[in-house]
Amino acid sequence: MLKPTAADLANLLARVAARDREAFAAVYKATSGKLWGIVVRILPRKDIAEDVLQDVYVRIWERAVSFDPAKASPITWMATIARNRAIDEVRRKSPVSIEDAPESLDVEPGDPSPLDNAQTSEDLRRLQECLQGLDAERREIVLLAYYNGLSRDELAKRFSHPVATIKTWLHRSLAQLRKCLGS
Amino acid sequence: MMNGEDTDLIAAEYVLGTLPADERAAAALRALKDKSLAEAIDAWSRRLGPLAEAIPPREAPATVWPEIKARIDALEEVLQTPEQTKAKIIGIERRLRQWRGAAIAASALAASLMLFVGYREVVHPPEKTLVAVLQKDAQSPAFLVSVDLETRVLTIRAVAAEPQRGKSYELWLVNDELRTPRSLGIVGDKPFTVVHPQLAGYSPQVIEQATLAVSLEPEGGSPTGAPTGPVLFAGKLIQATK
């Protein structure tokens, strides 16, 4: 399968905005693997993740009209929709119960960083440099939150710190990242 | 009011995903009205967005695409209605689309909901009627609201919201000028509920600019006077008249 470029995807989204179903199918084909990858890291339960992925594409269909290629790349725009929807879902649910486990997909929950073997864009390289400026533990906290959708409570348990400490660390880490990226 | 730094941290944690459910819902709601928060969220999405590049794709289950197609078909069905009706629906839809904040984006389905449950009063409304579709997302319109600004009579109809055992749906008026969400009362499980005394205390301007939100509360309503449960549905009031 030939991988569409960002410009191709932007054109396809413009057609989706005009309710072109063929273009929508092409967008799905080109991006569903990526968005599914994002969603299942946060929602390992397959049935829930499937529902969320459906919602994400229905939203893309509806909101293609508001996609602005000057503001974001098509895939970043879609990834944001997918992540927001997945996080909404994982926050809405009460803590995952034991019976959730058997249906889980084999996502490595202990792997916080797909960064290690990623091909990096200029933006990502810059962000990575800034992340390197954080203490190792604080960096891992940020990455687990981003990639696996862990809540403050879950992070507190995993790192054996009070929730208030995690919150403070998150705030400091994010402020530091902002400063670093702003330079 | 929150200062810039707070707003930026809320935005940062919203994008990172670490806000607890209630704060997350409150932030999403506030971003609809608060431009500085909406812009801060956009900026943080751009800052952290590159991280998503690194996530390896996985093949999505084959069952998902047919389901999406079916949902799109259902959405678009409304546009197969006669031309005159269609033009009016699209007019409504366009106004709905102008609402800021994609989180509560409008949809053809929202318009079709109006067609089913209240089309006549939407298209030929009395003067000064505001309407809102309260929804979790475009697929799940749950309540239809109309407000008569003259009499301050608010009518809310549960359309798809299912009663939850031991819980109550509570309706909130949200407007920055009010600082905190104000309860308009419990939404009963009957299709019609009219809450008017609660609205009488607010000026038409406050009501016109308001977002309505429904949260899930303990039976009988929020014990604190502020939303304690998740905000499940929300929508912006819009003019039903030209």
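Amide H to amide H, with H built 1.01 Å from N, A:Leu150 comes under 5 Å of A:Ala145, counting only residues 5 or more places away or on other chains.
Cross-linked pairs A:Lys34/B:Lys136; A:Lys157/B:Lys136; A:Lys3/B:Lys236; A:Lys29/A:Lys167; A:Lys3/B:Lys69; A:Lys167/B:Lys167: Cα-Cα separations exceed 28 Å for A:Lys157/B:Lys136; A:Lys3/B:Lys236; A:Lys29/A:Lys167; A:Lys167/B:Lys167.
Identify, among A:Leu12, A:Ser66, A:Gly33, the residue whose Cα sits farthest towards the positive end of the charge dipole of region A:1-75, taking +1 on the Cβ of Lys and Arg and -1 on the Cβ of Asp and Glu, with the dipole about the Cα centre. Of the candidates, A:Gly33 comes out farthest on the positive side.
Read-outs: derived from the displayed coordinates by stated rules, not from any lab. A quick note: this is a predicted structure, and the numbers were derived from the prediction, not measured. Don't worry about glycine lacking a Cβ; one is built from the backbone with ideal geometry, like all the others, and counts go over all protein chains shown.
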